[in-house]
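A short write-up of the structure that comes next.
Just so you know, all these numbers are worked out from the coordinates, no wet-lab data involved. Worth saying up front: this structure is predicted, and the values here are computed from it rather than measured. Glycine gets a Cβ as well: all are built from the backbone with ideal geometry, and neighbour counts include every protein chain shown.
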Amino acid sequence: MRKHIIWSPLAVSDLYNTLDYLQNKWNEQVILAFLDEIEKLLQQVSVNPKQFPLVNWKKDVRKCVLTKHTTLFYRENKETVELLRFFDTR
């Protein structure tokens, strides 16, 4: 069963900052490819949230490397998956 994805305000802000960076430094193809990767990842996470490793077991936070420059941190709840941060690793 798929879980509903919830975006935290920080995750939304992180995503917009990353997209702004990509728009200023790269082209539309790169942005679209990045958004496709996010969509694929969110589908995976919604179906099987436990597939990525725990980084904080007390708070049940998991980490998923989206690209070599972007990591997603999220938490699974009973019926949802909460996206906490899109962390820029540069």
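Cross-link partners of LYS68 among lysines, defined as those whose alpha carbon lies under 24 angstrom from its own and excluding same-chain residues fewer than eight positions apart: LYS25, LYS40, LYS50. Diffusion coefficient of the chain by Stokes-Einstein, Kirkwood radius over Cα pairs, 37 °C, 0.692 mPa s: 244 µm²/s. When ARG62, ARG85 are sorted by how many other C-beta atoms sit within 10 angstrom of their C-beta, beginning with the fewest, the order is ARG85, ARG62. May I ask for the angle, rounded to the nearest 10°, between helix 9-25 and the longest principal axis of the chain, with both axes built from Cα atoms and the value confined to 0 to 90°? For helix 9-25, the angle is close to 20 degrees. For VAL45, the shell of other residues with beta-carbons less than 13 Å away shows a net charge of +3, using +1 for Lys and Arg and -1 for Asp and Glu.
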